[in-house]
Amino acid sequence: AGPQEDQKFCLQEVLDTFKLCLSEKKDVYLEHYVAGWRGLVKFLNSLGSVFGFISKDAVNKINILVTYLHGENGSQYVTVQSMVKYELDNELVDLTKRGSHPESGCRTLLRLHRALRWLELFLERLRTSSEDSKTSVMCSEAYNESLSQHHPWVVRKAAGMAFCVLPGRPAFLEVMNVGPPEQVVAMLGEAVPLISEVYQITEELYAQQNLLDLP
Ligand code: 1PX
């Protein structure tokens, strides 16, 4: 496999990284969380440049987290739980309005976390949809139920326009590189509960600490 091959999205790979996300104690490993997002961004990039503004923002957020993870306090960023504790204990989070910590790990991860809910809803629709269902409709329904509530009008508008050019269901399943549709559906049946568990654990942690509305 050449370098081209590395760029190719494969749902199995993303599934594997999300599997690695949870520790025995159900802590979320940041390294694997971020790797999962990297894989998803590959997928988005393979859909074309219309999605560039979305993948750019995701990559930017991934990079912020990776910088912490590999930085001098990297050992505090091993899990989402340890990151939250470390940043809160050291007052490294802007809690009510943007101030001296506009790019805290907590607020950055929250953006990806909200997007994970969209992903869960979208993949569940994809999994249970019939052959002639429209991916654009599934995608925008999932978006309207989740992420859109956190986006200003301009972003919602741009996202809505991007959804319109999504490939149809057969082509969409094809780019996932899993095999025939039945196999994709089976793999989604495995992926959705996993993604959902990672989401729930993070959601509960953020709710407990009152971090769900970080600016
Ligand atoms: C197995 C295949 C599934 C498809 C995988 C697709 C991966 C999608 C990755 C989306 C990552 C989106 C991250 C968005 C984070 C965010 O909400 N950022 C906003 C707020 O950040 P800020 O720092 O300003 O507080 C930011 O303003 C966002 C800008 C870009 C627009 C985001 C639109 C999100 C739409 C999500 C749906 C993606 C459609 C993919 C189609 C398959």
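The values are calculated or read from the model by the stated rules, or taken from the named source; none is laboratory data. Remember, predicted model here, so these are calculated numbers, not experimental data. Note that each Cβ is placed from the backbone with ideal geometry, even for glycine, and that neighbours are counted across all protein chains shown. Calculation scope for accessible area: heavy atoms of the full protein, side chains included, ligands and nucleic acids excluded. Shrake-Rupley method; radii C 1.70, N 1.55, O 1.52, S 1.80 Å.
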The range 121-140, residues that are under 19 Å from Phe51 (Cβ atoms) and touching a helix residue (DSSP H, G or I) at 6+ places or on another chain (Cβ under 7 Å): Leu121, Phe122, Leu123, Arg125, Leu126, Thr135, Ser136, Met138, Cys139, Ser140
Enumerated helices (runs of 4 or more DSSP H) restricted to the range 23-107, each holding at least 3 residues that are open to solvent by less than 80 Å² (accessible area, probe 1.4 Å) and modelled with pLDDT under 95: 30-46
Residue that is farthest from the ligand (Cβ to nearest atom), among those in the range 9-19 that are assigned to a helix (DSSP H, G or I) and under 15 Å from the mean Cα position of the chain (by Cα): Lys19
Only one of Val192, Val198 that is within 14 Å of the ligand (Cβ to nearest atom), buried (at least 17 other Cβ atoms within 10 Å of the Cβ) and under 15 Å from the mean Cα position of the chain (by Cα): Val192
Single condition Thr79 does not satisfy, out of (1) within 23 Å of Leu147 (Cβ to Cβ); (2) touching a strand residue (DSSP E or B) at 6+ places or on another chain (Cβ under 9 Å): (1)
Selected residue (criterion: least open to solvent (accessible area, probe 1.4 Å)) from residues of the range 162-179 that are over 17 Å from Phe9 (Cβ atoms) and more than 20 Å from the chain's Cα centre (by Cα): Gly168
Scope the range 175-215; condition touching an Asp or Glu at 6+ places or on another chain (Cβ under 6 Å) and aliphatic (A, V, I, L, M); matching residues: Val192, Ile195
Every residue from the range 111-136 that is over 15 Å from Leu47 (Cβ atoms), of a type outside the set (S, T, N, Q) and touching a Ser or Thr at 6+ places or on another chain (Cβ under 9 Å): His113, Arg114, Ala115, Leu116, Arg117, Trp118, Glu120, Leu121, Glu124, Arg125
Pair list, Cβ under 6 Å, 6 or more apart: the range 42-63 residue hydrophobic (A, V, I, L, M, F, W, C), other residue more than 8 Å from the ligand (Cβ to nearest atom) and open to solvent by 40 Å² or more (accessible area, probe 1.4 Å): Val50/Val165
Scope the range 175-189; condition within 12 Å of the ligand (Cβ to nearest atom) and free of Cβ contacts under 8 Å to residues at least 60 places away in the same chain; matching residues: none
Matching residues, the range 127-141, being more than 8 Å from the ligand (Cβ to nearest atom), part of a helix (DSSP H, G or I) and of a type outside the set (Asp, Glu): Arg127, Thr128, Ser136, Val137, Met138, Ser140
Residue within the range 125-135 that is loosely packed, with under 14 Cβ neighbours inside 10 Å, within 18 Å of the chain's Cα centre (by Cα), at pLDDT 95 or above and not small (Gly, Ala, Ser) present: no
